[in-house]
Amino acid sequence: MYQGGYTGKILRINLTDKTIKEEKLPLEVAKDFIGGAGFGIKYLFDEVKPGTDPLGPGNKLIFAPGPFTGTTIPCASRISVTGKSPLTHTVGMCLSGGHFPAEMKHAGYDVLIIEGKSEKPTYIWIKDGEVQLRDGSKVWGTRTFDCQQIIKDDLNDQNVRVACIGPAGENLSKLACIINERRAAGRKGLGAVMGSKNLKAIAIRGNGTLEIASKERFKIARGEMLKAMKESPVLYPQFALTGTPSNVDNTCALGIFPAKNWSATGKFTPVEKIGVEALESRNVGKEHCYICPVGCSLLRLARTGPYAGILSEGPEFETLYSFGGQTGVDNIDSIIAADRLCDELGLDTISTGVTIGFAMELFENGILTITDTEGLELHFGNHQAMNRLIYLMAFRDGLGELLADGVKIAAGKIGRGADRYAMHIKGLELPGYDVRGAKAHGLSYATAYTGGDHNRGYAFQEIFGLPIPYAVDRLSIEGKGKLTKWNQDVRTATSDCPTMCVFLLDTAMAPMATENTASLMEAVTGLTYKPQDIEKVGERINNLARAFNVQEGFTRAEDTFPERLMTEPLESGASKGHFISKEDLKVMLDEYYAARGWALDTGIPTREKLVELGLGSVADQLGV
């Protein structure tokens, strides 16, 4: 029996036969997987068979907030979206914030599982337990912000929260994301999964409240969290004022801000043009997620040239990397415009920018010609061509058709050595940290269950110099296997599952992350947790995700880097001379697999480890 935090209900919608049913959320699933990404990966493994076509009706989309979402815990309005990624064929899991996650909990559900495929464009309408499948033809073809407004008007309720896809998702771009409000569940192509199901949007309105198991314990645990937030030297004095773009300045100083498709890291360091100070003149306000006192999402207005008057929430650090460093563009207003255009068209900004930077280097090296680009001068720094290409990719128009599915697929089509310039791991384009100068961060990229993903085990010890659980040398490979396991497990269990904002955890809660989560879980849900139990939940989920990928054919061979990172030392900056050799990678992987209890030769979880984590049936399914 649930005492608090959970509604105890799963909503399952089959778009093929139009069946809608509620199921009970098993208590043992809540205990072992907490929520969010844990629920998503659990149901993905159980219900999506190996070899399933990610864009076929057999794939599923699983929306899951966590037990903290919808309560008065600050910075907890997060939701995970999970499915088999069409971009990587691995677990595709992404997170989004805003108000949509809390609205889903208030509407009465811990999990929403969408399966099958509708015959025609559809949107889902959920209000306090009442569910309808409605005609989506009127909004099919719209951009995401327009889609949200039309649905609110259609339902005669401006307080409805909507998650939807844009033209990129409708056109099955494998870089397509899902947009709610101004927030993106980005990367991994789950917008294309939604489009493949002819599902344009999910609209939710909820007036319910959530029970708290122990109000007294909750008051104490929440008070300790608020105290840590207030005392943080970073959260309110810096992060609330600047958001993530301060990392442009930081990574440039460390010599790890990737530039010009990772060929000019340390050389092209555009802090003066696109860093924090440059963005200050563009700030016009901020937006807060539900019950968030920080408000790190800053609204910025482009003020010059053809971009004047364009407003975006952001750009965040990763977008400044992908449309700035990666493409060699230092025109801040063009980056604001690119950010807004991606949100409207429903494209992930990281993968889109990395793909454009990839095309630019191919053009610079004569692998793509002016004929191939249909007249676009794809030189690094050409912001006009960059913004034009975003549009072409969303609509699969001309060159956009070639690039709409990311660098790995494009390189395979182009040939002529293009794969050497494709910066991805397992098909997922790399984020904004040149890991030749941050080795644990790199190992996390190589081993993350989603592919090259900075959020699955962020090495804040290397990026911000925080000595938690201990101080490290970012340029050394020593001890990085054990550290990466810890980062991945703790981040999964304290952020991706309850669900909590990772920025809050990194800036204020890192010293007490597992203790904070355990205290809040006991107070909110009434379930019993120790800090070590929380970390064990993260380990369980990472092993289950690995098992899913193993069934899709992934082994140690795929836990690697693009050739450039293993053979080309950085030529300039504070990390000059560093790279991750194949021998360095081998040493780190051996240590990582040993720490995880996985087979050293294959990277497959052992039966002993799976049984220890309560995943004996998974071991049977893998045949280990």
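What to note about this one:
- When Val276 is tested against the conditions (1) within 21 Å of Cys252 (Cα to Cα); (2) over 24 Å from the mean Cα position of the chain (by Cα); (3) among the hydrophobic types (A, V, I, L, M, F, W, C), the lone failure is (2).
Each row is one residue, and each column tells you yes or no for (1) over 29 Å from Phe145 (Cα atoms); (2) of a type in the set (D, E, K, R).
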residue: Ser263; (1), (2): yes, no
residue: Phe268; (1), (2): yes, no
residue: Arg303; (1), (2): no, yes
residue: Leu311; (1), (2): no, no
residue: Pro315; (1), (2): no, no
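- Verdict on Leu175 being over 26 Å from Pro57 (Cα atoms) and touching a residue at least 40 places away in the same chain (Cβ under 8 Å): no
- Residues that are at negative phi and either modelled with pLDDT under 95 or not in a strand (DSSP E or B) (or both) within region 282-297 comprise Arg282, Lys286, Glu287, His288, Cys289, Tyr290, Cys292, Pro293, Val294, Cys296, Ser297, listed in sequence order.
- Taken as a whole, the condition of being of a type in the set (Asp, Glu) and part of a loop (DSSP other than H, G, I, E, B) applies to Glu571.
- Test: residue in region 462-485 that is within 30 Å of Met360 (Cα to Cα), in contact (Cβ under 8 Å) with a residue 40 or more places away in the chain and not in a loop (DSSP other than H, G, I, E, B): yes
- Count of region 257-286 residues, restricted to those that are β-branched (Val, Ile, Thr), buried (at least 20 other Cβ atoms within 10 Å of the Cβ) and touching a Pro at 6+ places or on another chain (Cβ under 7 Å), is 1.
- Of the residues Ile356, Ile390, Ile370, the single one that is of a type in the set (A, V, I, L, M, F, W, C) and either in contact with a Gly (Cβ under 8 Å, 6 or more places away or on another chain) or not in a helix (DSSP H, G or I) (or both) is Ile370.
- Helices (runs of 4 or more DSSP H) lying entirely in region 106-200 (those with 1 or more residues that are polar (S, T, N, Q)): 144-155, 190-196
- Selection status of Ser617, more than 24 Å from the chain's Cα centre (by Cα), at pLDDT 95 or above, part of a helix (DSSP H, G or I) and not assigned by TED's automatic domain parsing to the domain that holds Ile41: yes
- Where a residue in region 385-399 is of a type in the set (Ser, Thr, Tyr) and its partner, wherever it lies, is assigned to a loop (DSSP other than H, G, I, E, B), with Cβ under 9 Å and at least six apart: Tyr391/Asp397
- The single residue among Thr349, Thr355, Thr373 that is out of contact with any Phe, Trp or Tyr (no Cβ under 6 Å at 6 or more places or on another chain) and either farther than 19 Å from Ile165 by Cβ or among the aromatic types (Phe, Trp, Tyr) (or both) turns out to be Thr373.
- With respect to being more than 20 Å from Asp419 (Cα to Cα), of a type in the set (S, T, N, Q), buried (at least 24 other Cβ atoms within 10 Å of the Cβ) and modelled with pLDDT of 95 or more, Ser351 falls outside the description.
- Leading residue by the ranking (nearest to Gly616 (Cα to Cα)) among those in region 1-21 that are in contact with a strand residue (DSSP E or B) (Cβ under 9 Å, 6 or more places away or on another chain) and without any contact (Cβ under 8 Å) to a residue 40 or more places away in the chain: Lys21
- Residue satisfying condition, being part of a loop (DSSP other than H, G, I, E, B), out of contact with any Asp or Glu (no Cβ under 7 Å at 6 or more places or on another chain) and surrounded by 21 or more Cβ atoms within 10 Å (Cβ to Cβ), within set Ile541, Ile580: Ile580
- The residues listed here are Leu520, Leu589, Leu570; of these, the one that is touching a residue at least 40 places away in the same chain (Cβ under 8 Å), more than 30 Å from Trp262 (Cα to Cα) and either surrounded by 19 or more Cβ atoms within 10 Å (Cβ to Cβ) or in the same structural domain as Lys408 (by TED's automatic domain parsing) (or both) is Leu520.
- Flag for Gln532 being in contact (Cβ under 8 Å) with a residue 60 or more places away in the chain, surrounded by fewer than 20 Cβ atoms within 10 Å (Cβ to Cβ) and of a type in the set (S, T, N, Q): no
- Val611 passes every criterion in (1) in contact with a Leu (Cβ under 8 Å, 6 or more places away or on another chain); (2) hydrophobic (A, V, I, L, M, F, W, C); (3) surrounded by fewer than 21 Cβ atoms within 10 Å (Cβ to Cβ); (4) assigned to a helix (DSSP H, G or I) apart from (1).
The values are calculated or read from the model by the stated rules, or taken from the named source; none is laboratory data. As the structure is a prediction and not an experimental result, all values here were calculated from the model. Because the Cβ atoms are built from the backbone with ideal geometry, glycine has one as well, and the counts that use them run over all protein chains shown.
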